[in-house]
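The values are calculated or read from the model by the stated rules, or taken from the named source; none is laboratory data. All of these numbers come straight from a predicted model, not from anything done at the bench. We place every Cβ from the backbone using ideal geometry, glycine too, and count neighbours over all the protein chains shown. Surface areas here come from the heavy atoms of the whole protein model, side chains and all, with no ligands, DNA or RNA. Shrake-Rupley method; radii C 1.70, N 1.55, O 1.52, S 1.80 Å.
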Number of protein chains: 2
Amino acid sequence: MDTVTALRELIGEKAVLDAAELAERPAGIWRPDKLRGEALALPRTTAEVASVLRWCHAHGARVVTQGGLTGLVHGADTEPGDVILSLERMREIEVIDPRQRCATAQAGVPLQALQEAVEPHGLMFPLDLGARGSATLGGNAATNAGGNRVIRYGMMRNMVLGLEVVLPDGIVLSDMNCLIKNNAGYDLKHLFIGSEGTLGVITRLVLRLWEAPLSHNMALAGLESFDAVAALLKHMDANLGGTLSAFEGLWRDFYRLVTTAPAQGRPPIAGDYPYYVLLESQGADPELDAQRFERALESAFEAGLLADAAIARSESDCADFWALRDDVEQVFNGGFPLVFDISLPIAEMEGYVDGLAAALPAAIGEHKLWVWGHLGDGNLHLAIQVPVEAAERLRPLAEEQVYAPLAAFRGSVSAEHGIGLEKKPWLPVSRAAGEIALMRSLKQTLDPQGLLNPGKIFDPA
Amino acid sequence: MDTVTALRELIGEKAVLDAAELAERPAGIWRPDKLRGEALALPRTTAEVASVLRWCHAHGARVVTQGGLTGLVHGADTEPGDVILSLERMREIEVIDPRQRCATAQAGVPLQALQEAVEPHGLMFPLDLGARGSATLGGNAATNAGGNRVIRYGMMRNMVLGLEVVLPDGIVLSDMNCLIKNNAGYDLKHLFIGSEGTLGVITRLVLRLWEAPLSHNMALAGLESFDAVAALLKHMDANLGGTLSAFEGLWRDFYRLVTTAPAQGRPPIAGDYPYYVLLESQGADPELDAQRFERALESAFEAGLLADAAIARSESDCADFWALRDDVEQVFNGGFPLVFDISLPIAEMEGYVDGLAAALPAAIGEHKLWVWGHLGDGNLHLAIQVPVEAAERLRPLAEEQVYAPLAAFRGSVSAEHGIGLEKKPWLPVSRAAGEIALMRSLKQTLDPQGLLNPGKIFDPA
């Protein structure tokens with residue numbers, strides 16, 4: 001019996017697309033190409049996921065799990081023979097528990113849907129990222145998503161209390177508890193979080209919720225030196241007493257890009273400082289928190305850390321400030337952007353970026369370089385814009401310039417996007433041979449046939 | 001060649017104690033019995049740890065790693081034939097980096113030594129627990145220690161940025177980076193954190209540091225109902241905007257125990273409420289934070305959540321409040337305390353404790369029951385005091401009453417103490433057969449000979 005027919009017998013006629021049907025779907029929400037595969041299964045329950053996986057296990061079929069398809073590293077790419085498991089019909093928010101402050105949801109729930117569902121309960125799910133409308137909770141967990149407020153709330157790993165996972169052979173591992181503390185043996189959920197769908201299929205999650213903040217304060221600051229940026233991070237964090245919720249860095253060229261036409265944004269402060277920082281604090285007392293935020297900025301100004309700053313005076317100002325930071329699509333204007341996501345110690349950032357800027361002309365010729373990122377977490381994003389027709393040729397040369405220098409100070413080739421296929425050649429920059437060997441052993445232990453998301457992160461031994 | 005001679009050749013004459021020498025050492029800092037083993041190795045470096053493990057691996061010798069020996073679940077117990085690896089000579093704090101806000105230390109550094117070393121830099125390492133003077137950073141990581149401020153800062157897992165581990169065959173896995181975000185493949189450190197020394201030996205750590213708080217506010221509150229306790233947690237967390245750093249619950253009998261002679265403490269408020277809560281916030285602005293803390297308490301009082309409260313007016317008051325909470329040794333007066341560490345949803349706590357109190361007389365006869373714990377994290381500690389001479393006989397009966405009811409609501413038999421030997425029979429209450437099977441597979445993958453801390457957490461397949 002062929003794959004499509006077999007899977008339809010298991011989970012229903014309309015729950016499986018054949019090769020022709022699935023080829024009408026885009027391969028990713030920002031991609032022009034189409035999906036490839038032998039069958040696309042659309043289970044509604046964990047039991048249906050398990051039955052698909054059992055069949056694939058018995059028949060040696062490769063399985064690629066897909067969520068919102070918002071990934072940037074080809075982590076959910078498929079081959080023509082693959083079974084694609086899309087969790088898009090598993091989008092039930094099962095429980096929101098205001099007392100325990102947790103939510104139970106299926107893995108296909110979009111991030112934004114959960115954010116909005118908990119709001120009426122006075123709660124917040126703090127993970128936040130640009131793709132919130134499409135990215136799913138299961139994908140967020142499988143990739144250990146980061147985003148805008150990691151400095152305060154941590155990454156997705158820090159928000160997952162319980163996890164239900166289907167193993168490659170169809171066995172369901174259900175650890176759906178809501179406990180903050182649980183040292184009963186190995187904490188297996190951490191094995192699956194961030195493993196990019198290579199060890200199991202996440203089907204349901206229990207997520208920690210936080211009391212919703214009642215105050216927001218924001219400022220956009222201009223700084224004369226990178227030393228001042230690093231000092232400002234410490235100063236604000238120390239003076240805001242745990243309420244600093246974002247510290248986003250924008251290098252001058254990126255600031256100018258997003259505050260100049262054709263971008264919609266306009267500069268809240270002059271555009272001639274080398275560095276800009278977007279600061280946010282979240283608290284509970286609008287009056288006292290605003291006082292504290294302004295005091296902290298004043299003392300930073302008196303200490304010579306700030307050259308200029310604009311303080312948001314309304315929710316609309318806050319939205320405008322965030323819109324500048326989020327207007328990343330400007331990097332597409334006028335060429336093709338090679339986009340990077342790296343992590344490095346703050347003491348190394350200035351030298352690293354300056355060195356990269358100095359080395360790129362000889363390595364790849366004419367280009368534009370923009371730098372921004374979640375600076376409070378050590379996470380920089382880079383866009384290197386090159387001519388569209390040269391992009392494929394120049395990509396490996398640019399990657400060499402971006403990634404190779406990170407090895408000297410134990411930087412990461414992936415702060416939050418994952419490895420997928422795109423960064424696989426560069427994994428050894430950030431991980432030693434012994435670490436990659438242990439990753440392979442774990443893969444072999446959990447998925448000895450190598451059927452789940454094959455070839456992602458690393459090749460088999 | 002015998003074990004002692006062989007190990008002395010590897011790491012030096014004075015770095016290895018023989019069976020007679022090691023038998024002079026206590027088996028734990030609160031234990032009357034002595035260590036048992038064939039040899040006790042005292043390496044000073046990761047390389048020495050690796051050479052000991054290589055030898056043990058080649059000769060099939062069992063290895064038990066020991067830190068400060070403050071564990072409560074027999075997680076570092078040894079057998080006469082074991083090689084004991086004590087990291088007590090590996091106590092160098094190598095780097096404190098105020099800019100990156102991280103510290104690099106050897107695993108044998110006592111927790112309190114790190115806490116004190118970072119203070120002059122205006123930084124804080126927020127893990128804190130009663131055994132701080134003896135418990136080591138390596139042990140904290142191996143057991144994923146919790147303690148007093150998990151509600152704000154998370155458990156040890158949340159504070160470890162980088163880890164160096166020696167695998168059972170002597171291979172060194174060094175992931176000593178200081179990055180908050182690093183999604184470059186599987187995050188292997190989470191495999192070792194909380195694995196109680198069964199998968200590898202942690203030799204060095206990079207730990208995240210926080211800016212030191214500049215303000216502390218504390219109160220001790222009396223409440224008329226458990227519903228009010230649960231509501232107060234939400235109220236204070238929502239109104240303190242992220243600065244709530246401890247929410248410790250004390251049931252009436254425990255409060256009376258620690259505020260009545262022979263205890264040194266005296267009651268800050270009357271002793272006839274059924275529940276007491278110790279509240280702490282840590283912030284950065286002494287004036288505004290005190291205002292906010294008092295406002296939040298006032299509105300809790302107006303909402304009918306609090307019956308009475310005493311606010312700490314000085315550092316000395318704060319110390320006195322904490323001393324009540326920490327005076328756990330009172331449970332030793334007048335009998336033998338069977339001590340438990342469990343985790344459960346807050347909605348279940350009142351019924352659970354009442355049910356336990358009702359069931360114990362029939363199950364174990366005369367006893368005293370005290371309840372307290374890190375209530376904000378869902379973590380309760382229980383002491384069931386029984387006659388000294390009956391303790392061994394009554395222990396399994398008491399365990400049955402404490403642990404079995406947790407299964408109904410996915411509670412944990414170990415919130416923070418780990419499983420060790422003591423809770424091994426009860427692991428199935430909190431973990432399904434499939435989860436335990438996967439734990440065994442991971443153990444088999446990393447330690448196929450089963451040499452590291454054998455028999456702890458679970459038995460081999």
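Structure above, values below:
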item	result
Per residue solvent-accessible surface (Å²) - the protein assembly as shown, probe of 1.4 Å	36
Relative contact order of chain B, defined on C-alpha pairs under 8 angstrom at six or more residues apart (%)	15
Carbon + sulfur, % of accessible area of region B:93-211 - ligands and nucleic acids excluded, 1.4 Å	48
Percent RCO, i.e. relative contact order, over region A:334-433, from Cα pairs under 8 Å lying at least 6 residues apart	36
Label 7 Å beyond Cα on the Cβ vector: A:D169 copy-to-copy distances, nm	2.4
Prolate/oblate/rounded call for region B:1-158, Cα gyration tensor, a/c under 1.5 rounded	prolate
Solitary cysteines of chain B, where the nearest other Cys Cβ is not under 4.7 Å	B:C56, B:C318
Cα principal axis extents for chain B, largest first, Å	74, 57, 42
Ascending list, in nanometres, of distances separating the A:T445 label from those of the other copies (7 Å, Cα toward Cβ)	0.5
DSSP beta bridges in the protein assembly as shown [antiparallel fraction, %, rounded to 5]	90
Amide hydrogen neighbours beyond the local backbone of A:L161, cut-off 5 Å, H modeled	A:V206, A:L207, A:R208
Calculated label separations, B:G60, copies of the chain, 7 Å along the beta-carbon direction, nm	3.7
Size descriptor, Kirkwood hydrodynamic radius, that averages inverse alpha-carbon separations across region A:93-211, Å	14.1
Members of region A:227-243 that become less accessible by 10 Å² or more once partner protein chains are added (1.4 angstrom probe, chain alone as reference)	A:D227, A:A230, A:L233, A:K234, A:D237, A:A238, A:N239, A:G241, A:G242, A:T243
Label point 7 Å beyond Cα of B:R89 along Cβ direction - residues of region B:18-58 with amide nitrogen under 11 Å	B:41-45, B:48-49
When each of B:K189/B:K423; B:K234/B:K423; A:K234/A:K423; A:K443/B:K443; A:K368/A:K423; A:K181/B:K423 is checked by Cα-Cα distance, pairs over 20 Å	B:K189/B:K423; B:K234/B:K423; A:K234/A:K423; A:K368/A:K423
Rounded to 5, percent antiparallel among DSSP beta bridges of region A:282-382	100
Centre separation in Å (Cα based) which lies between region B:300-331 and region A:12-36	61
Rg over Rh, two decimals, region B:334-433 (C-alpha only, Kirkwood Rh)	0.94
Accessible surface of region A:215-328 [probe 1.4 Å, protein heavy atoms]: carbon and sulfur percent	50
Cα-centre dipole for region B:3-86 with unit charges at Cβ (Lys and Arg positive, Asp and Glu negative), debye to 20	180
Kirkwood-type radius of region B:215-328, with distances r between different C-alpha atoms, in Å	14.0
Accessible surface of region A:395-461 [probe 1.4 Å, protein heavy atoms]: carbon and sulfur percent	59
q = 0.09 Å⁻¹: log10 I(q)/I(0) that the Debye formula gives for the protein assembly as shown, counting C-alpha atoms only	-0.98
Rg [Å, one decimal], Dmax [Å, integer] - region B:3-86, C-alpha atoms	12.1, 34
Peptide B:51-64, shielding by other chains (average Cβ, 10 Å cutoff)	0
Computed P(r) (all Cα pairs; region B:149-261; 5 Å bins; percent)	2, 9, 15, 15, 12, 11, 11, 11, 9, 5, 2, 0
Protein heavy-atom accessible area occluded, A/B pair - total, 1.4 Å probe, Å²	7400
Relative contact order (%) - region B:215-328, alpha-carbon pairs under 8 angstrom, separation at least six	45
Local electrostatic count, B:F192, Cβ distance below 13 Å [Lys/Arg +1, Asp/Glu -1]	-3
Cα gyration tensor, region B:195-235 - rounded (a/c under 1.5), prolate or oblate	oblate
